[in-house]
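Report on the following structure.
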Amino acid sequence: MKHKILGTLTAAALGFAAAHNVQAAGNAEAGKAKFHTCVGCHGIPGYSNTFPNYHVPSLGGQHAEYIVSALKSYAASGRKHGSMNGNAGGISERDMEDVAAYASAFKGKPPAVSVKGDVAAGKKNPNLEVCASCHGSDGNSKDGGNPRLAGQYESFLIKAMKDYQSGARKNPIMQGMVKDLTDKDIADLAAYFASQKKGLTPVSN
């Protein structure tokens, strides 16, 4: 039964990603200049959102397609965050593509933030197989529609999974994937992906 459910969820997730894969074709050089409004949060290693408290996500090396998709969701207020709703709502689709192209191509240094959770437990967690089907076993997904998780801030990953559980974030596939996870599962999986190498970095202009 477990494998049947896993197969169903995996197939659904892959289909969803293919249907929603945005082909971003931005100009990275133009995006560098436009990123000035983003760098105040996403360019500072270890920078945190104040309330609730969690690290602002690293975008360096993230798939451009996913960044554009996220910005469009913020612009339409489908994904709630006061600052991001305002910032994304005030730029064009071309701006989004340019910013995404710049961030995606950026190669920086991983932030010096230690992982607090149990990485070994995350690696052994049976739910990791489900995560890996879209995000890759080490969090370095190949599909632009599925975000890279490797090296992402642990606290941000925890916040994201809990937001899917609560319905604050609306992706129906992710809601189904995380709905039965315990707080321990979430903490362990976040620690595992946050600890993976060749991961995301802040984008310092």
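Listing Phe193, Phe51 from fewest to most neighbouring C-beta atoms within 10 Å gives Phe51, Phe193. Considering the range 27-108, its Cα convex hull presents a mean projected area of 4.9 nm².
Fully extended, how many nm does the chain gain between Glu93 and Phe51 (0.36 nm per residue separation, minus their Cα-Cα distance)? Provide the component values of the computation, followed by the final result.
Values: separation 42, 0.36 × 42 = 15.12 nm, distance 2.88 nm.
My answer for the length gained is 12.2 nm.
Only helical DSSP H runs with n ≥ 4 go in: add -39500 (n - 2.57) per run for the chain, normalise by residue count and round the 222 nm mean residue ellipticity to 500 deg cm²/dmol. Display every interim value, and only then the final one.
Working: 11 runs with 108 residues, N = 205.
So the calculated ellipticity at 222 nm is -15500 deg cm²/dmol.
Derived scalar couplings between HN and Hα for the range 26-33 equal x, 9, 5, 5, 5, x, 4, 5 Hz in order, rounded to whole Hz, by the Karplus curve 6.51 cos²θ - 1.76 cosθ + 1.60 (θ = phi - 60°), x for Gly and Pro.
Taking a 24 Å limit on the Cα-Cα distance, which of the listed pairs Lys116/Lys197; Lys32/Lys159; Lys34/Lys116; Lys80/Lys142; Lys72/Lys124 fall beyond it? Numbers along the way, then the final one.
Working: Lys116/Lys197 16 Å; Lys32/Lys159 28 Å; Lys34/Lys116 34 Å; Lys80/Lys142 27 Å; Lys72/Lys124 35 Å.
From Lys116/Lys197; Lys32/Lys159; Lys34/Lys116; Lys80/Lys142; Lys72/Lys124, over 24 Å: Lys32/Lys159; Lys34/Lys116; Lys80/Lys142; Lys72/Lys124.
In order along the range 44-49, the phi-based Karplus estimate (6.51 cos²θ - 1.76 cosθ + 1.60, θ = phi - 60°) of 3J(HN,Hα) comes to 9, x, x, 5, 10, 5 Hz; Gly and Pro are listed as x. Amide H to amide H, with H built 1.01 Å from N, Ser48 comes under 5 Å of Val56, counting only residues 5 or more places away or on other chains.
For the range 33-89 versus the range 103-151, the inter-centroid distance based on Cα atoms is 18 Å. If you run the Gaussian network model on the chain, springs between alpha carbon atoms under 10 Å, then out of Ala120, Ala75, Ala132 the most flexible one is Ala120. For Glu97, neighbours were defined as the other residues whose beta-carbon sits under 15 Å from its Cβ, and their charges (Lys and Arg +1, Asp and Glu -1) total -1.
Remark: Arg169, Arg94 ranked as Arg94, Arg169, counting other beta-carbon atoms within 10 Å and listing the fewest first.
In which sequence would Ser69, Ser204 go, from the one with the fewest C-beta neighbours within 10 Å to the one with the most? Please report the intermediate quantities before stating the final value.
Values: Ser69 21, Ser204 14.
Listed from fewest to most nearby Cβ atoms, that is Ser204, Ser69.
Helix 183-194 and the longest principal axis of the Cα set of the chain meet at an angle near 50°. Comparing Ala194, Ala103, Ala76 in a Gaussian network model of the chain, where Cα atoms under 10 Å apart are tied by springs, the biggest mean-square fluctuation is seen for Ala76. Computed from Cα atoms, the angle from the helix 93-105 axis to the main principal axis of the chain rounds to 70 degrees. Couplings 3J(HN,Hα) of the range 59-70, computed from phi: 10, x, x, 6, 4, 4, 4, 5, 4, 4, 4, 5 Hz, in residue order, whole Hz [Karplus 6.51 cos²θ - 1.76 cosθ + 1.60, θ = phi - 60°; x for Gly and Pro]. Amide H contacts of Gly60: Thr201, Val203, each under 5 Å away and 5 or more positions distant or on a separate chain (H built 1.01 Å from N in the peptide plane; Pro and chain starts excluded).
Under a Gaussian network description of the chain, with springs only between Cα atoms under 10 Å, the residue in Ala101, Ala168, Ala150 that fluctuates furthest is Ala168. With R₀ set to 25 Å, the beta-carbon distance separating Thr37 from Ala76 gives a calculated FRET efficiency near 0.85.
Any read-out appearing in this document is the output of simple, stated calculations on the displayed coordinates, not a laboratory observation. As the structure is a computational prediction, the values presented were derived from the model and not from experiment. Don't worry about glycine lacking a Cβ; one is built from the backbone with ideal geometry, like all the others, and counts go over all protein chains shown.
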